[in-house]
Amino acid sequence: MVWSRIPIRMLEAYLIARLLQSPLFHRFVRGIHGKVNELRNPAYRAAARAAREQEQKEATGLKLYMQLFREEFRNSEWGRFFRR
């Protein structure tokens, strides 16, 4: 009966090792850790909020390109259907 559980335990150990090596898993855990600390510590919350605001202010090339594309599209003949 004990011998029948060995393959399952080996599979479990393999899957856990693969999960712990995954950068996506670490990014997910880092995000959860940041949100928990943000709720617990007011100083950390203020620093995180300032970092998010700074990140939103700094537009990347893709964001600037999409903003320019939207403006050009709204000013075009087809853009009249999408104006707010």
- Just give me the residues in the stretch 40-51 being surrounded by 10 or more Cβ atoms within 10 Å (Cβ to Cβ) and not hydroxyl-bearing (Ser, Thr, Tyr), in sequence order. Asn41, Arg45, Ala46, Ala47, Ala48, Arg49, Ala50, Ala51
- Does Gln67 qualify as being surrounded by fewer than 10 Cβ atoms within 10 Å (Cβ to Cβ) and assigned to a helix (DSSP H, G or I)? no
- Task: Return yes when Phe73 is modelled with pLDDT under 85 and of a type outside the set (Gly, Ala, Ser) and no when it is not.
- Result: yes
- Which residues, counting only those in the stretch 26-70, are of a type in the set (Gly, Ala, Ser) and either in contact (Cβ under 8 Å) with a residue 24 or more places away in the chain or more than 30 Å from Ile16 (Cα to Cα) (or both)? Ala43, Ala46, Ala47, Ala48, Ala50, Ala51, Ala59, Gly61
- Are any residues in the stretch 40-61 among the hydrophobic types (A, V, I, L, M, F, W, C) and at pLDDT 80 or above, and if so, which ones? Ala43, Ala46, Ala47, Ala48, Ala50, Ala51
- Item | Arg9 being more than 18 Å from the chain's Cα centre (by Cα), exposed (fewer than 10 other Cβ atoms within 10 Å of the Cβ) and assigned to a helix (DSSP H, G or I) | yes
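The values are calculated or read from the model by the stated rules, or taken from the named source; none is laboratory data. These numbers come from a predicted model, not from an experiment. For neighbour counting, all protein chains shown are included, and Cβ atoms are generated from backbone atoms with ideal geometry for every residue, glycine included.
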